[in-house]
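Here is the structure we will look at.
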Amino acid sequence: MEFAVQSLVQDEEKKGIPSDRIIIGGFSQGGAVALHAALTMNKKIGGLILLSTWLPLHAKIMKLQSELPDEDLSNWLKLPLSLFN
(Lines give C-alpha, C1' and ligand atoms only; values in the text may rest on other atoms or scores of the structure.)
Protein backbone atom coordinates (compact mmCIF):
# COMPACT_ATOMS: atom_id res chain seq x y z
CA MET A 1 0.00 0.00 0.00
CA GLU A 2 2.81 2.44 0.70
CA PHE A 3 3.70 2.20 -2.99
CA ALA A 4 0.25 3.61 -3.82
CA VAL A 5 0.91 6.60 -1.54
CA GLN A 6 4.35 7.11 -3.06
CA SER A 7 2.78 6.95 -6.53
CA LEU A 8 0.29 9.67 -5.54
CA VAL A 9 3.17 11.87 -4.39
CA GLN A 10 4.96 11.28 -7.70
CA ASP A 11 1.78 12.21 -9.60
CA GLU A 12 1.59 15.52 -7.73
CA GLU A 13 5.27 16.19 -8.43
CA LYS A 14 4.61 15.69 -12.16
CA LYS A 15 2.01 18.47 -11.84
CA GLY A 16 4.73 20.79 -10.52
CA ILE A 17 4.18 20.46 -6.77
CA PRO A 18 7.46 19.86 -4.88
CA SER A 19 7.36 16.86 -2.54
CA ASP A 20 8.25 19.06 0.45
CA ARG A 21 4.93 20.90 -0.08
CA ILE A 22 2.84 17.70 0.01
CA ILE A 23 1.18 16.61 3.25
CA ILE A 24 0.01 13.01 3.64
CA GLY A 25 -2.79 12.08 6.01
CA GLY A 26 -4.80 9.13 7.16
CA PHE A 27 -7.18 7.71 9.74
CA SER A 28 -6.70 4.35 11.50
CA GLN A 29 -5.30 1.87 8.96
CA GLY A 30 -4.96 4.68 6.42
CA GLY A 31 -2.84 6.55 8.94
CA ALA A 32 -0.64 3.49 9.38
CA VAL A 33 -0.15 3.27 5.61
CA ALA A 34 0.58 7.01 5.37
CA LEU A 35 3.10 6.89 8.23
CA HIS A 36 4.88 3.83 6.87
CA ALA A 37 4.97 5.33 3.36
CA ALA A 38 6.38 8.63 4.60
CA LEU A 39 9.10 6.95 6.63
CA THR A 40 10.19 4.65 3.81
CA MET A 41 9.99 7.23 1.01
CA ASN A 42 13.30 8.34 -0.49
CA LYS A 43 12.21 11.99 -0.61
CA LYS A 44 11.26 14.66 1.87
CA ILE A 45 7.55 15.42 2.21
CA GLY A 46 5.85 18.41 3.78
CA GLY A 47 4.39 16.54 6.72
CA LEU A 48 1.88 14.07 8.09
CA ILE A 49 -1.55 14.39 9.69
CA LEU A 50 -2.59 11.16 11.39
CA LEU A 51 -5.71 10.20 13.34
CA SER A 52 -6.08 7.19 15.67
CA THR A 53 -3.25 5.19 14.13
CA TRP A 54 -0.05 3.30 14.88
CA LEU A 55 3.32 2.55 13.29
CA PRO A 56 3.19 -0.80 11.47
CA LEU A 57 6.34 -2.84 10.95
CA HIS A 58 8.18 -0.75 13.54
CA ALA A 59 11.13 -3.16 13.57
CA LYS A 60 11.63 -2.53 9.81
CA ILE A 61 11.48 1.23 10.39
CA MET A 62 14.02 1.06 13.23
CA LYS A 63 16.36 -0.98 11.03
CA LEU A 64 16.02 1.55 8.19
CA GLN A 65 16.67 4.40 10.63
CA SER A 66 19.89 2.80 11.85
CA GLU A 67 21.15 2.49 8.26
CA LEU A 68 20.45 6.09 7.20
CA PRO A 69 23.32 8.51 6.55
CA ASP A 70 23.39 11.40 9.03
CA GLU A 71 21.97 13.92 6.54
CA ASP A 72 18.99 11.69 5.69
CA LEU A 73 18.40 10.87 9.35
CA SER A 74 18.32 14.57 10.18
CA ASN A 75 15.64 15.17 7.52
CA TRP A 76 13.70 12.13 8.71
CA LEU A 77 13.68 13.36 12.31
CA LYS A 78 12.50 16.83 11.21
CA LEU A 79 9.38 15.47 9.46
CA PRO A 80 6.42 17.59 10.63
CA LEU A 81 3.90 15.28 12.27
CA SER A 82 0.49 15.89 13.83
CA LEU A 83 -0.98 12.83 15.55
CA PHE A 84 -4.45 12.88 17.07
CA ASN A 85 -6.22 10.11 18.91
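Residues in the range 70-85 that are modelled with pLDDT of 75 or more and either of a type in the set (G, A, S) or in a loop (DSSP other than H, G, I, E, B) (or both): L79, P80, S82, N85. Within the bounds of the range 21-38, is there any residue that is surrounded by fewer than 16 Cβ atoms within 10 Å (Cβ to Cβ), of a type outside the set (K, R), assigned to a helix (DSSP H, G or I) and within 11 Å of the chain's Cα centre (by Cα)? No, that holds for no residue. Counting only residues that are under 11 Å from the mean Cα position of the chain (by Cα) and modelled with pLDDT of 95 or more, the range 1-13 holds 0 of them. Here G16 qualifies as at pLDDT 85 or above, exposed (fewer than 12 other Cβ atoms within 10 Å of the Cβ) and at positive phi. Quick one: in the range 1-13, which of the residues that are among the charged types (D, E, K, R) and either touching a residue at least 12 places away in the same chain (Cβ under 8 Å) or loosely packed, with under 12 Cβ neighbours inside 10 Å (or both) is nearest to F84 (Cα to Cα)? Ranking the qualifying residues of the range 1-13, first place goes to E2. Considering the range 49-69, and only residues there that are open to solvent by 80 Å² or more (accessible area, probe 1.4 Å) and in a loop (DSSP other than H, G, I, E, B), the residue that is modelled with the lowest pLDDT turns out to be L57.
The values are calculated or read from the model by the stated rules, or taken from the named source; none is laboratory data. Just so it is clear, the model here is predicted, and its values are computed rather than measured. Neighbour counts run over all protein chains shown; Cβ positions are idealised from the backbone, glycine included. With ligands, DNA and RNA removed, areas are computed over all heavy atoms of the protein, side chains included. Shrake-Rupley method; radii C 1.70, N 1.55, O 1.52, S 1.80 Å.
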